[in-house]
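Trainee: Handing you this structure, nothing more for now.
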Amino acid sequence: MIKTKLTEMLGIKYPIIQAGMGPHNTTNLAAAVASAGGLGLISSIGMGYLAFMDKPLFGFTEKTPREQMLRSIETVKNMTKKTGGVFGINVPVAVEFQSISKELIEAGLEARETDEEVRRRMKVVVTSAGNPEPFVESIKESGAYHFHVCPSPYHAKKVEGFGTDVVIASGHEGGGHVAHEPVHTMVLLPEVVRTVKIPVVAAGGICDGATLAAALALGAVGVQMGTRFIATKESDFHQPYKNYVVNTKDVRDTVLAKGLFGKIRYMKNPAAIRLWKAEQEGASETELFNLEMAGFAAIDKGDIENSAMAGGEVAGRISDIPTVKELMEQIVKEAEDIIRNRLPKLIV
Ligand SMILES: Cc1cc2nc3c(=O)[nH]c(=O)nc-3n(C[C@H](O)[C@H](O)[C@H](O)COP(=O)(O)O)c2cc1C
């Protein structure tokens, strides 16, 4: 067992968070991670996109972000009833998304307020991609923990001042949205740990026991993984997307392209290269947005060539599709072995 401030504050078995991965639906995945002893997160960008799309993608069924958020929370609650798993919601708070962020966070807090079981087990609201200040007070008042994803010590210090409980330091090698300044986990994490007094979780490039042990050595209380969790049996991602992670063999096989809230790291394929090229050639915001939406719609059709598939550099290190439980057990066992057996032998 690895016991950290994160496992203690949330009452979870493993210091592992499954990252929010909008616009995808992560309902099944969040339930599987929560049931296996980590913190599972419901992703919400795709719920926000309901406002822009003709028809919902990724298995969303409801018409408005609020209704979808309530539905997803209810689903995860029911799927984790037996295990009593702990879960949360991830809501990006970028300026481009702010009115939708408000609707989504309020829906999450409404579910906590009206349902005792949700209040007990949906313990965390994770914000990202913007300034969470307008939301911290209401999240904390509801009794939930507030976590915020930060790409720099500067942002971490700022949110510590707002009363945020945990900072997730997210390195530039990670999949999905990344900051403009390319600071990677190895440099970012210890510097964020040095800068703030609140607990820090590491994200970006984590996929196995060695990277978990490294994050703990650098001062983290746990890790958040995105790309690694895509390639699991229970993840809601389509099979071709999971296979694409496994078939990505080189850690250089990602590309950065403009997305709705800034740069997104995609696994390299014709659609991602098209997005990258369009930006280089000066495409307008609307053209880029339409290309991005077309890339998401292609995922839903299983059209891999035209799919815009976010994924981290670590895709090049992932070669299997285990169950969530197998994955988390394996990662923690390997980290324990490194900490208990392999590293102490280096001391002479
Ligand atoms: C497909 C995909 C979608 C993502 N969408 C979101 C999101 O909606 N909200 C968010 O905070 N982070 C998002 N991220 C970033 C992750 O939360 C996480 O920080 C990142 O995946 C960590 O790096 P890793 O991919 O190397 O594990 C996304 C990542 C991926 C791979």
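Trainee: Taking the stated definitions as given, is Ala220 under 30 Å from Ala335 (Cβ atoms) and touching a helix residue (DSSP H, G or I) at 6+ places or on another chain (Cβ under 9 Å)?
Mentor: Criteria met by Ala220.
Trainee: Still on this structure: Tell me, yes or no, whether segment 279-294 has at least one residue that is farther than 23 Å from Val33 by Cβ, within 16 Å of the ligand (Cβ to nearest atom) and part of a loop (DSSP other than H, G, I, E, B).
Mentor: Checking segment 279-294: not a single residue is farther than 23 Å from Val33 by Cβ, within 16 Å of the ligand (Cβ to nearest atom) and part of a loop (DSSP other than H, G, I, E, B).
Trainee: Further question on the same structure: Here are Gly85, Gly130: which of them is under 19 Å from Asp236 (Cβ atoms) and crowded, with 16+ Cβ neighbours inside 10 Å?
Mentor: Exactly one residue qualifies, and that residue is Gly85.
Trainee: Would it be correct to say that Ile339 is part of a helix (DSSP H, G or I), surrounded by fewer than 17 Cβ atoms within 10 Å (Cβ to Cβ), β-branched (Val, Ile, Thr) and touching a residue at least 12 places away in the same chain (Cβ under 8 Å)?
Mentor: yes
Trainee: Right, another one. Would you be able to say whether some residue in segment 297-314 is part of a strand (DSSP E or B), buried (at least 17 other Cβ atoms within 10 Å of the Cβ) and within 16 Å of the ligand (Cβ to nearest atom)?
Mentor: Among the residues of segment 297-314, at least one is part of a strand (DSSP E or B), buried (at least 17 other Cβ atoms within 10 Å of the Cβ) and within 16 Å of the ligand (Cβ to nearest atom), which makes the answer yes.
Trainee: Does Gly20 satisfy the criteria of being buried (at least 23 other Cβ atoms within 10 Å of the Cβ) and away from the ligand (no atom under 11 Å from the Cβ)?
Mentor: Numbers: buried (at least 23 other Cβ atoms within 10 Å of the Cβ): yes; away from the ligand (no atom under 11 Å from the Cβ): no.
The answer is no for Gly20.
Trainee: Additional query: Restricting the search to segment 60-74, which residues are within 15 Å of the ligand (Cβ to nearest atom) and in a loop (DSSP other than H, G, I, E, B)?
Mentor: Looking only at segment 60-74, we keep the residues that are within 15 Å of the ligand (Cβ to nearest atom), and these are 60, 65, 68-69, 72.
Listed by number, the list holds a single entry, Phe60.
Trainee: Also, quick follow-up: Taking Asp320, is it out of contact with any Asp or Glu (no Cβ under 8 Å at 6 or more places or on another chain) and assigned to a helix (DSSP H, G or I)?
Mentor: no
Trainee: Return the residues of segment 140-189 that are small (Gly, Ala, Ser) and more than 16 Å from the ligand (Cβ to nearest atom); say none if nothing qualifies.
Mentor: Within segment 140-189, Ser142, Gly143, Ala144, Gly161, Gly163 qualify.
No value in this document is a laboratory result; all are computed from the given coordinates. Model, not experiment: these values are computed from the prediction. Here Cβ is always computed from backbone atoms with ideal geometry, including for glycine, and neighbour counts include all displayed protein chains.
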